[in-house]
1. Under 30 Å from D376 (Cβ atoms) and assigned to a helix (DSSP H, G or I), is that true of A184?
2. Among the residues in the range 197-205, are any modelled with pLDDT under 75 and either among the acidic types (D, E) or at positive phi (or both)?
3. Look through the range 235-268, keep the residues that are modelled with pLDDT of 85 or more and of a type in the set (V, I, T), and return whichever of them is surrounded by the fewest Cβ atoms within 10 Å (Cβ to Cβ).
4. List the number of the failed condition for I425; all other conditions in (1) within 20 Å of the chain's Cα centre (by Cα); (2) modelled with pLDDT of 90 or more hold.
5. Take A354 and tell me if it is among the small types (G, A, S) and either in contact with a helix residue (DSSP H, G or I) (Cβ under 7 Å, 6 or more places away or on another chain) or closer than 20 Å to G325 by Cβ (or both).
6. Could you identify the single residue in L349, L332, L324 that is free of Cβ contacts under 8 Å to residues at least 12 places away in the same chain, part of a helix (DSSP H, G or I) and more than 17 Å from the chain's Cα centre (by Cα)?
7. Mind checking whether some residue in the range 142-155 is in the same structural domain as I109 (by TED's automatic domain parsing), touching a helix residue (DSSP H, G or I) at 6+ places or on another chain (Cβ under 7 Å), surrounded by 16 or more Cβ atoms within 10 Å (Cβ to Cβ) and in a loop (DSSP other than H, G, I, E, B)?
8. Restricting the search to the range 117-130, which residues are closer than 15 Å to F160 by Cβ and surrounded by 17 or more Cβ atoms within 10 Å (Cβ to Cβ)?
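The values are calculated or read from the model by the stated rules, or taken from the named source; none is laboratory data. Being a predicted model, the structure only gives us computed values, none of them experimental. Positions of Cβ are backbone-derived with ideal geometry, glycine not excepted, and every protein chain shown enters the neighbour counts.
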Amino acid sequence: MASSSEQTVYAMESLQGERLGETESASADCERTGNVTPPPTETSLPPTDHGKDAYLTLMCCYSVSFGIFQEYYSRPSSPISTASSGTIATIGALQQGVMYLMMPFAFLILTRYPHLRQWCGPLGLAITTASLTASAFVSGIGGLIATQGALYSIGCGLVFCPISHYMNEWFVERKGMALGVMWAGKSSTGIAMPFIFDALLRKIGLRATLLAWAGASAVMILPTLFFIKPRIPIHTQARVQKLSFNFLRHTSFWMMQASVIIQSLGYLMPSTYLASYASTIGLPSITGPILLALFSVASVPGGIIHGMVGDKLSATKAVTIASLGSALPIFLLWGLSLNLANLVVFVVLYGFFAGGFSSTWSNMSADIQKDDSAADSALIFGMLMGGRGVGFVVAGPLSGALLQARAVLSDEALGYATQYGPMIICTGVTAVFGAWAPMWKGMRVALGTCGGD
């Protein structure tokens with residue numbers, strides 16, 4: 001028989017779940033929470049899905065377009081110009097990949113121990129600033145991989161993880177839109193940064209540019225540490241939360257994870273190599289930054305619109321739209337022409353659809369929770385981010401190997417005929433199979449129908 005203290009805790013858990021009155025998944029999360037102080041009533045909490053505090057949470061995720069560094073590293077004047085393009089791409093893949101790979105572990109820890117979230121931001125800011133500063137003084141490729149590739153991404157991950165947790169609390173009915181705005185905030189940084197970095201690299205060199213970015217990062221991140229706060233006060237939550245991992249036993253989670261990994265394999269390749277590709281086909285040097293900026297511009301509405309659409313559609317439809325919408329421009333525009341106009345249209349369409357793919361993760365999470373209603377949606381989100389990290393890390397050496405492969409066609413008027421031909425095909429194929437989860441679901445339905453006949 002349960003003790004009186006256990007009954008009291010259970011009663012408090014049930015009361016909190018009733019008062020929050022959120023979706024089934026959010027209520028399940030709350031019912032598992034053992035509070036150390038009386039929980040706040042719903043009327044005492046800020047509203048979900050709108051309000052100043054909710055939208056402040058969405059404005060704190062950003063990143064820097066790494067592709068513009070690629071062209072600078074490949075110039076004869078670069079101190080590491082002898083390094084292979086695949087090695088340089090590895091730095092970019094690590095910068096994104098390590099951050100995503102740490103997310104399952106970070107989300108697991110911060111979901112189970114919510115009181116640790118408040119310390120992640122300051123620690124992440126310190127690591128980010130220190131790593132960028134240190135990278136300015138290293139001379140070898142190994143040092144750049146360690147500082148700008150690995151340590152920098154760890155710092156960014158520590159800043160990003162608690163913010164994602166808070167977003168999960170602030171948004172319930174419009175979670176897809178919120179996720180889209182969060183990714184759009186990240187993409188918006190890349191609109192101006194390609195031009196700024198290109199100008200700085202030309203005028204003051206790599207070292208001074210990295211030092212300037214270290215200072216700018218501190219200035220941009222520091223204010224967010226004071227404005228961002230959880231919707232549910234930390235002191236009302238138990239120091240140790242109970243978690244459900246039953247969703248790991250269901251095929252639906254692994255099919256969604258496969259979609260994320262496959263799409264991530266090719267997602268970074270266009271943005272990483274656009275500057276070098278433009279230079280290879282004889283376009284002016286300013287073309288690279290312009291294309292990267294257009295990619296980011298298109299990703300901003302792409303993330304928001306895909307998120308809003310995802311709030312209305314099923315995961316199957318949302319993921320299929322994003323995947324096929326990004327695959328068609330790759331095959332029909334990037335691969336079949338060297339024309340600048342077609343390349344611009346490709347960048348805009350690819351940025352819109354591929355940039356919106358990660359906004360469908362709220363749909364994926366909702367589908368996964370149908371199999372395990374007790375699963376924490378933030379933890380599932382962290383697991384999916386880990387899948388993206390796997391794809392990003394593998395994409396670095398994969399893209400280098402693809403550049404060493406032979407051109408697919410001999411027609412000099414086609415993108416397939418350049419050294420980037422195999423990469424173009426790989427990017428298109430991974431975009432198509434980003435819809436693997438819907439494909440798998442469709443095959444199950446078809447086989448089930450045939451079996452019924």
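1. yes
2. Within the range 197-205, one or more residues are modelled with pLDDT under 75 and either among the acidic types (D, E) or at positive phi (or both).
3. Among those that are modelled with pLDDT of 85 or more and of a type in the set (V, I, T), it is T251.
4. (1)
5. Spelling it out, A354 is indeed among the small types (G, A, S) and either in contact with a helix residue (DSSP H, G or I) (Cβ under 7 Å, 6 or more places away or on another chain) or closer than 20 Å to G325 by Cβ (or both).
6. Selected residue: L332, the only one of L349, L332, L324 that is free of Cβ contacts under 8 Å to residues at least 12 places away in the same chain, part of a helix (DSSP H, G or I) and more than 17 Å from the chain's Cα centre (by Cα).
7. no
8. Once the filter is applied, which keeps residues that are closer than 15 Å to F160 by Cβ and surrounded by 17 or more Cβ atoms within 10 Å (Cβ to Cβ), the range 117-130 yields R117, C120, G121, G124, L125, I127, T128.
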